[in-house]
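Structure first, commentary second.
The values are calculated or read from the model by the stated rules, or taken from the named source; none is laboratory data. Everything numeric in this text was worked out from a predicted model, so none of it was measured. Counting neighbours? That spans all protein chains shown, and the Cβs are built from the backbone with ideal geometry, glycine included. Side chains are part of the model used for accessible areas, which takes the heavy atoms of the whole protein and leaves out ligands, DNA and RNA. Shrake-Rupley method; radii C 1.70, N 1.55, O 1.52, S 1.80 Å.
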Amino acid sequence: MHALSARVWLHAPDWWPMPRRVAIIACQADDSRYVEQAGLTLAAVNAGARIVTTTRWTCPTDQSVSFVGDVVLPGEGATTAMALAVDTAHGSADPVSAIRAWQCDRLAVWRSARTPQEARRAAPLVWAAPMTYALPDTVR
């Protein structure tokens, strides 16, 4: 089986029909290896999604934080926190505002960090990665 690509999905949107809200939180979720920077996003919209959140760049795994000396318990890392924040936002009435509020909170934590370790845990490398696209229901 081949990996799903925007190119294939755009040509066959019924292959993977999408719900109204979709989050693609993974490495290269914006499918930037192709000409179109938001390939998977456009494919998800073409398949029925109206709100799509993707990460604009590859995010570090929670486990990789241990390479810089921080101890992260399973499920407590920045990337897991981001995925959970996006999931929570997608369950709210206004996902775009909910993600923005979470990002603003993370910015405040990063700016108020007192040690390099605290700053690394709240670094924008992860919390700045999500990008949400929203289309009105009248657009198809």
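Residues in segment 112-138 that are open to solvent by less than 30 Å² (accessible area, probe 1.4 Å) and touching a residue at least 60 places away in the same chain (Cβ under 8 Å): 126, 129, 130.
Restricting attention to segment 88-98, does a residue exist that is within 17 Å of residue 59 (Cα to Cα) and touching a residue at least 12 places away in the same chain (Cβ under 8 Å)?
no
Residues in segment 47-71 that are open to solvent by 10 Å² or more (accessible area, probe 1.4 Å), more than 20 Å from residue 129 (Cα to Cα), of a type outside the set (Phe, Trp, Tyr) and modelled with pLDDT under 90: 66, 68, 69, 71.
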